Structure formats: structure tokens, C-alpha cells
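Okay, so here's the structure we're looking at.
Rule-based calculations on the coordinates, nothing more; no lab input. Since we're looking at a predicted model, the values are computed, not measured. Neighbour counts are summed over all protein chains in view; Cβ atoms, including those assigned to glycine, are modelled from backbone coordinates with ideal geometry.
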Amino acid sequence: MLSYSVSDVNDTRKNKLDRIDEDYVESGAKRVDQEDIQEVVERADEIRDKFERKGPLGRFVEDGKLFVAMTRDYWHGNYREVPYWAIAAVVFTLGYVVTPIDLIPDFIPVVGYVDDAAVMSVCLLMVEEQIFEYKRWKMTEKEREGQESTVENRES
């Protein structure tokens, strides 16, 4: 499930933040399974709420919503053009963000969300191309839906 344990509690915050890189996200993504994907879909509202709070995650509101939407579309079979490793990285990242006890616990004022923002930043760099393709697909889907509703209105 979406739980990530704290390792080496005696580390300084800087050392913990230095660990957050592409290898860290890849390592976490390798542990993601179908249950984790389902859990992200089921906890979508909670995840979006966490991004909408003030603090370091505030700048990632739209990215977080996009991650949730892509995960949901993948889960429901609407969008499968994304490689599994990218979905796994996104799911790991979303799980990391909603887990209050991670490298730097979220209950530490302000600083507690810095590691969450760092994981988001790394993941965004890793899946940049896949996010671009998903956005393009999403726009095409909206255009298609708009055309279908226009045709339906004409036929009425």
C-alpha cells in the first residue's frame, strides 16, 4: 500500500533532501503495484486537497491534478499510451506526497513539505515527455467530446 517508512531518523534534513533524486524515485516506482494505483484513484480527492494547501506544494497544484488525472485514465483503461514505469513513478510520487511520515515528516512546519516538493520536481523531470503526450491526448479527447455533443445537438 501507499506507505513509505522513514529511514535513518538521525540524518540531517539536508542529507535527507540530498537523497531525493531520480534513483530515489525509480527505486520507489519499482515497488508500485496495481493496488497502489487503485489506491491513488480512490484517494484522488485527498491527494488534490494536499496539493491545494499553502506551502512548498502550492506551486505543484496543477501538476498534482494532472498526475491524478493521468493515473485515473490509466487505471480505467482510457489512456494506455504511457509506459508503466512513468505511471509507477507518478503513483510513487503521489503516495509519497500523501504520506505524512516520510524523509522529513509533514508535521514539521513548512520544512515538512520541502521533501514532498523535491520528489514532485524530480518526478516531473522524469515524466516530462509522458505528461506532454497525456496533455495532448486530453485536449484531443475534449475536442472529440465537443464535436460529438455538437452533432447530438444538431440532431435534436
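The phi torsions of the range 42-51, fed into the Karplus equation with coefficients 6.51, -1.76 and 1.60 and a -60° offset, translate into couplings of 5, 9, 3, 5, 4, 5, 4, 4, 4, 5 Hz, rounded to whole numbers, with Gly and Pro shown as x. Here the Karplus curve 6.51 cos²θ - 1.76 cosθ + 1.60, taken at θ = phi - 60°, turns the phi angles of the range 84-89 into couplings of 4, 4, 5, 4, 4, 5 Hz, with x standing for Gly and Pro.
The label point for K138 and the one for R53, both projected 7 Å from the Cα toward the Cβ, are 2.3 nm apart.
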